[in-house]
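Reviewing the structure listed below.
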Amino acid sequence: MSKEIIIIGGGQTAANASKTIKDSDKSYNLSIFSNEDYLPYERPPLSKQLLTSEKKIDDCLFYKEEFYNENNINFLPNTEVEKIDFKEKLIFTGDKNYSYNKLLIASGSKNRILNIEGLNQNEIFYLRNIDECKKIIDKVKKIKNILIVGGGFIGLEIASSMSKLEKNITLVESSAQLMGRIIPEEISRLVYEKHSQSGVKIFLNTSLKSARKKDQQYQINLSNNEKIEVDIIIVGIGALPNTDFLNSSDINIDNGVVTNEYCETSRDNVYAAGDVSNFFHPIYNSYMRLESWKHAQDHGINAGKNIINQKKNYEEIPWMWSDQYDLNLQLTGICNDYDQKVSRGNNLDEGIIFFFIKKNIIMGACGVSKGPKIGKDIRISGIKIKNQEIIDINKIIDKNIKLQKI
Ligand SMILES: Cc1cc2nc3c(=O)[nH]c(=O)nc-3n(C[C@H](O)[C@H](O)[C@H](O)COP(=O)(O)OP(=O)(O)OC[C@H]3O[C@@H](n4cnc5c(N)ncnc54)[C@H](O)[C@@H]3O)c2cc1C
């Protein structure tokens, strides 16, 4: 097989794909083009332990520099890929071009931007990478009053971290519940209560109407007619796949780069994986795009295998988690396609899990507990989903019966 492999993007997917390839055969020539200044690192700590300074950047790297040196991986930092010529098998960065035999697009996702009447973008903070995290850390050292726009996972995790730093926090969410409609309303309410008890002021069904900078503060008009004054505005309203550099290329894009169950795109020898790919899932028989740590790991490994012709289909069951205060929230499968919803457990100490069931098969499960107590049951649920097991609902809801025995 031809040996020149290029990976676009230096995140978690790239780290896992390159490790898989090099573990199999060190003789591949492998280059990673990253527009960031850092070796591939984990993003979950950005909104958690990195923001509170409980972790350092070095703690978040997947592999230290020696790994890339020893495996002869050519990691190019601060190098933006601007376009690709799929016919000639060339990628372009500035005035240079590079040829590939196999290409992996692992460019991840980017912040959804919020335009705020009265403010320039450079007044607004977002959180997706280390540089943005550092900017927030620097700013919050000197201030007290924080507005977070967006009640999704990242917005809520920022609120939890800022609360640890004893800041005054207001959070606005434009919809009627936190964390969107994929999370059961009951869990969303428990999380709301936890934030409120910790002093976070939450406005649901509320958006930001306009803002005005006065001295070092921002005077904010909210859609519910409340007026507040804050020192920083942090926006976390979701992400979009990073596909701008593909706009002039002929490749199938629809909510990300479309791939089949082998991470293959519509172009020969071009693969995509992780946050950027809208992939076909054979178990759910549909396309999905996921933004989760576990998916970036598994999809990266799968792409690596397929690139070096160890053909393997991808059918991992989605899984993700969020940590807020002492609460651990986990979600597996998909929770929006069901004919019955049942719950197991009824308090946060032992954990509460909601199961989304269709024709007596678990499609998804979502739970919350103090600490990761729900972890085992969520993992077992994932196995049952993968095996498409017919389950007895009366047993599932009985906390006295172990889930693995059902
Ligand atoms: C703040 C935060 C907290 C999170 N917390 C959790 C969590 O608690 N649990 C969970 O399951 N998941 C969490 N996630 C999601 C998880 O981290 C992502 O799903 C994962 O990082 C995706 O990996 P990736 O490699 O596909 O993309 P990314 O990690 O986004 O990496 C893509 C890289 O490609 C670069 N790039 C883009 N375009 C180009 C280009 N043209 N040229 C060169 N480089 C380019 C990007 O700058 C980036 O460095 C979190 C994400 C964030 C941002």
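The simple spin-label model puts a point 7 Å past each Cα toward its Cβ; for N260 and E80 those points are separated by 3.4 nm.
Think of the chain as having a plus end and a minus end, set by charges on the Cβ of Lys, Arg, Asp and Glu; of Q217, T93, I301, Q217 sits farthest toward the positive end of this dipole. Taking label positions 7 Å along the Cα-Cβ direction at both E226 and S53, the computed distance is 2.9 nm, reported to one decimal.
Taking the Cβ-Cβ separation of S196 and N97 as r and a Förster radius of 35 Å, what is the calculated FRET efficiency to the nearest 0.05? That gives a FRET efficiency of 0.05. Please sort through the DSSP H helices of the chain and keep those with an alpha-carbon extent of at least 15 Å along the long axis and a Kyte-Doolittle average not below -1.0. For the chain, where a helix must reach 15 Å along its axis and average at least -1.0, the hits are 12-24, 130-141, 153-164, 375-387. Rounded if a/c is under 1.5, else prolate if a/b beats b/c, else oblate: with a ≥ b ≥ c from the C-alpha gyration tensor eigenvalues square-rooted, which is segment 74-122? Since a/c reaches 1.5 and a/b is larger than b/c, the shape of segment 74-122 is classed as prolate. Rounded to the nearest 20 debye, the dipole size of the chain about its Cα centre is 800 debye, using +1 on the Cβ of Lys and Arg and -1 on the Cβ of Asp and Glu. For segment 24-39, backbone nitrogen atoms closer than 14 Å to the point 7 Å from D244 Cα along Cα-to-C-beta are found at 35-36. Using alpha-carbon pairs under 8 Å, 6+ residues apart, how would you state the relative contact order of the chain in percent? Answer for the chain is 14 percent.
When peptides 390-403, 365-378 are ranked by their average number of other Cβ atoms within 10 Å per residue, the highest-first order is 365-378, 390-403. Using θ = phi - 60° in the Karplus curve 6.51 cos²θ - 1.76 cosθ + 1.60, the 3J(HN,Hα) couplings for segment 388-405 round to 6, 5, 6, 10, 9, 4, 4, 7, 4, 7, 8, 5, 7, 9, 5, 4, 6, 8 Hz; x is entered for Gly and Pro. Each of Q121 and E350 was given a label point 7 Å from its Cα along the Cα-to-Cβ line. The distance between the two points is 5.1 nm.
Summing -39500 (n - 2.57) over the DSSP H runs of n ≥ 4 in the chain and dividing by its residue number, what mean residue ellipticity at 222 nm do you reach, to the nearest 500 deg cm²/dmol?
Dividing the helical sum by the residues of the chain leaves -6500 deg cm²/dmol.
No value in this document is a laboratory result; all are computed from the given coordinates. As the structure is a computational prediction, the values presented were derived from the model and not from experiment. No Cβ is skipped: glycine too gets one built from the backbone with ideal geometry, and neighbour counts run over all protein chains shown.
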